[in-house]
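Notes follow the structure.
Please treat every number below as a calculation from the coordinates, not as lab data. Predicted model only: the values in this text are computed from it and were never measured. For neighbour counting, all protein chains shown are included, and Cβ atoms are generated from backbone atoms with ideal geometry for every residue, glycine included.
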Amino acid sequence: MSDSFKQPIVRFSPSRGPESPDVWGVYEPDTGSVQYVCADPASKRAGLIDVVWNFDPQSYSTSSASADQILDIVREKNLSVEWVLDTHPHADHLMASDYLKQRTGAPTAIGEKVREIAGLWSRIYHLPHAFDPDRDFDRLFSEGETFSIGDLEARVLLSPGHTLGSITFVVGDAAFVHDTLMYPDVGTSRADFPGGDAEQLWETIQTLLQLPAQTRLFIGHDYGTSERQEPQWEATVSEHKSHNVHVKDGTKREDWLELRRARDATLPLPDRMLAALQVNLRGGRLPEPEADGRHYLKLPVNHFSTPQAD
């Protein structure tokens, strides 16, 4: 893998006209995540989407470096943050939503089915009263709900499959599709986490590919390929339909399901997952400190199995 995948990268996708946002994508190399600033060019109001709170899975130490990089863009471009948005409770990184709320005053929001995700994971962790999304997020969006970023209308699409409660934000000609599609030369995302479902992910992807052909689709991750030398995260609906190696036009549902399930069966859990979900289902907050003033996480032993090589 080239050195380009080992450093933060900022890339600007400018507005294409009325009702089209400016978008800054920021690549976070430790987890291959892409974070976004979505702004109304006229009002300079912005939403921050899927921002990372850095976490070292060896030392269990946190850092605000990536979130601070996002806030630097906000200051440099003279933007005003209206929303701190997440598409789902991420498994690969800690959410910076609470950190960003503290520094911007903007409300946090996620999809309403996070309540079901919280119930599922409270059983896995055996923490029956730990997670309360109504307490820890300011807004829980429902399917089809709309809100504003400046003068731009943002629409919420329920996009299950990767998780049971993932959502997509559609803002004019930009759609933030999180962990559904990957870049066209990689294909699609996994659907094997608790609550995930490959059949639902197929239906979600078909819905996304029905958006207008020139809609810019902004994905949640890029891990690259052996041929490509730089991270990529933006491609149009038309480009995905023509070139996505998993779901381009003519792909049969049954063939994709077989491929997706076979691939998922070989994938290990993300190394941050069991820590991340405990934080993310609290709206990006650590558990309350204990008597010694320190925060502690709880980890299930032997709940998950390691994929076996063929």
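Assorted remarks:
- Distance between the stretch 111-146 and the stretch 6-84 - C-alpha centres, whole angstrom: 24 Å
- Net length available on complete extension from VAL301 to ARG103 is 67.7 nm, with 0.36 nm assigned per residue and the Cα-Cα distance removed.
- Taking amide H as placed 1.01 Å from N in the peptide plane, ALA154 has its amide H under 5 Å from the amide H of PHE147, SER148, ILE149, each at least 5 places away in sequence or on another chain.
- Table column - 3J(HN,Hα) (Hz), the stretch 277-290, Karplus curve with 6.51, -1.76, 1.60, x for Gly and Pro: 5, 5, 7, 5, 6, 9, x, x, 10, 6, x, 4, x, 8
- Set of lysines near LYS241 by C-alpha distance (under 22 Å), chain-local residues within fewer than 8 positions excluded: LYS252
- Packing around the peptides 179-191, 149-161, taken as the average count of other Cβ atoms within 10 Å per residue, puts them in this order, highest first: 179-191, 149-161.
- The stretch 1-43 residues near the modelled GLN229 label - backbone nitrogen below 13 Å, point 7 Å along Cα→Cβ: 1-5
- Shown in residue order for the stretch 246-262 are the 3J(HN,Hα) couplings computed by the Karplus curve 6.51 cos²θ - 1.76 cosθ + 1.60 at θ = phi - 60°: 9, 9, 5, 3, x, 5, 8, 3, 5, 5, 5, 4, 4, 5, 5, 5, 5 Hz (x for Gly and Pro).
- Ordering 102-114, 126-138 by mean Cβ neighbour count within 10 Å, with the highest value first, yields 102-114, 126-138.
- Residue order, fewest to most surrounding Cβ atoms within 10 angstrom, among ARG75, ARG216, ARG263: ARG75, ARG263, ARG216
- Of LEU297, LEU85, the sequence from fewest to most neighbouring Cβ atoms within 10 angstrom is LEU297, LEU85.
- Among the listed pairs LYS101/LYS248; LYS77/LYS101; LYS77/LYS248; LYS77/LYS113; LYS101/LYS298, those whose Cα-Cα separation exceeds 28 Å are LYS101/LYS248; LYS77/LYS248; LYS77/LYS113.
- Scanning residues 5 or more positions from ILE9 or on other chains, those with amide H under 5 Å from its amide H are TYR27, with H placed 1.01 Å from N in the peptide plane.
- Along the axis of the charge dipole computed for the chain (Cβ charges of +1 for Lys and Arg, -1 for Asp and Glu, origin at the Cα centre), the listed residues TRP121, GLY105, PHE176 are led at the positive end by GLY105.
- Distance-filtered residues of the stretch 211-245 - backbone nitrogen under 18 Å, label point 7 angstrom along GLU258 Cα→Cβ: 245
- Charge dipole (Cα centre; +1 on Lys/Arg Cβ, -1 on Asp/Glu Cβ; no other charges) of the chain amounts to roughly 180 debye.
- Rounded, prolate or oblate (a/c below 1.5 giving rounded, otherwise prolate when a/b exceeds b/c) for the chain by Cα gyration tensor: rounded
- In order along the stretch 57-66, the Karplus-derived 3J(HN,Hα) couplings, from 6.51 cos²θ - 1.76 cosθ + 1.60 at θ = phi - 60°, round to x, 8, 9, 6, 9, 10, 8, 9, 4, 5 Hz, and Gly and Pro are given as x.
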